[in-house]
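The values are calculated or read from the model by the stated rules, or taken from the named source; none is laboratory data. Nothing here was measured: the structure is a model prediction, and the numbers come from that model. In this analysis, Cβ positions are derived from the backbone assuming ideal geometry, glycine residues included, and neighbour counts consider all displayed protein chains. When the accessible area is computed, the model is the full protein with side chains, heavy atoms only, and any ligands, DNA or RNA have been set aside. Shrake-Rupley method; radii C 1.70, N 1.55, O 1.52, S 1.80 Å.
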Amino acid sequence: MSNTGASATPSQDLPPKGGFKTINYERRLPKKGPTGVVMLGTCAGIMAYGWYKLYLGLDERRELEREKIWSRIHLTPMLIAEADRDEYRRKCAALEREKQIMKDVPGWEVGKSVYHGNRYAPDTIANVPIHQQPGFKGN
């Protein structure tokens, strides 16, 4: 056996003097889009604008509701008077029809209550105009 390798000094793979060149391993991506703070601020601004418009809308709705209530308050007497006039007109027409229908019945008093008392009892049968009654045949 030859001892050729024993006398030689072992050589080890070492880095060069001054070291190796640095290897660039960082991710250098270009910035895309706004930062998180900008997005958060934008969302907060949009929401604040939305709440502001909602508040204005609530004010507008409240004002319209107030106007509707006051218009009903002011129109109620006129509507009641109109309903009273209509009821009076229908009552007169009903009495006229009753007079025409019962003209041949002796002792019949037109408009006299069929109840035996002095207490007021409103009409319980609706006065339907003759042209709206079932079975009406027009001229």
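Which of the residues that make up the stretch 28-45 are surrounded by fewer than 10 Cβ atoms within 10 Å (Cβ to Cβ) and of a type outside the set (K, R)? If you could, list the steps in order and put the result at the bottom.
Narrowing the stretch 28-45 to residues surrounded by fewer than 10 Cβ atoms within 10 Å (Cβ to Cβ): 28-33, 35-37.
Passing the criteria: L29, P30, G33, T35, G36, V37.
Please find, within the stretch 1-27, the residue that is modelled with the lowest pLDDT out of those that are open to solvent by less than 80 Å² (accessible area, probe 1.4 Å) and outside any helix (DSSP H, G or I). So that I can check it myself, show each step before the final result.
Taking the stretch 1-27 and keeping what is open to solvent by less than 80 Å² (accessible area, probe 1.4 Å), we get 5-6, 8, 15-16, 19.
Applying the additional criterion that residues be outside any helix (DSSP H, G or I) yields 8, 15-16, 19.
Working: A8: 71, P15: 84, P16: 85, G19: 86.
Step by step, filter the stretch 1-27, then rank; the result is A8.
Residues checked against (1) within 17 Å of the chain's Cα centre (by Cα); (2) modelled with pLDDT of 95 or more; (3) at positive phi:
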{"position": "G33", "(1), (2), (3)": "no, no, yes"}
{"position": "L40", "(1), (2), (3)": "no, yes, no"}
{"position": "A44", "(1), (2), (3)": "no, yes, no"}
{"position": "A48", "(1), (2), (3)": "no, yes, no"}
{"position": "L56", "(1), (2), (3)": "yes, no, no"}
{"position": "R66", "(1), (2), (3)": "no, yes, no"}
{"position": "W70", "(1), (2), (3)": "no, yes, no"}
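What is the residue count in the stretch 81-139 for residues that are modelled with pLDDT under 80, exposed (fewer than 10 other Cβ atoms within 10 Å of the Cβ) and part of a loop (DSSP other than H, G, I, E, B)?
The number of residues fulfilling the criteria is 14.
Consider only pairs whose beta carbons are under 8 Å apart and that are at least six residues apart or on different chains; among these, list those whose first residue lies in the stretch 108-126 and is more than 14 Å from C92 (Cα to Cα) and whose second residue is at pLDDT 75 or above and open to solvent by 90 Å² or more (accessible area, probe 1.4 Å).
Note: pairs meeting the criteria are A121/Y115.
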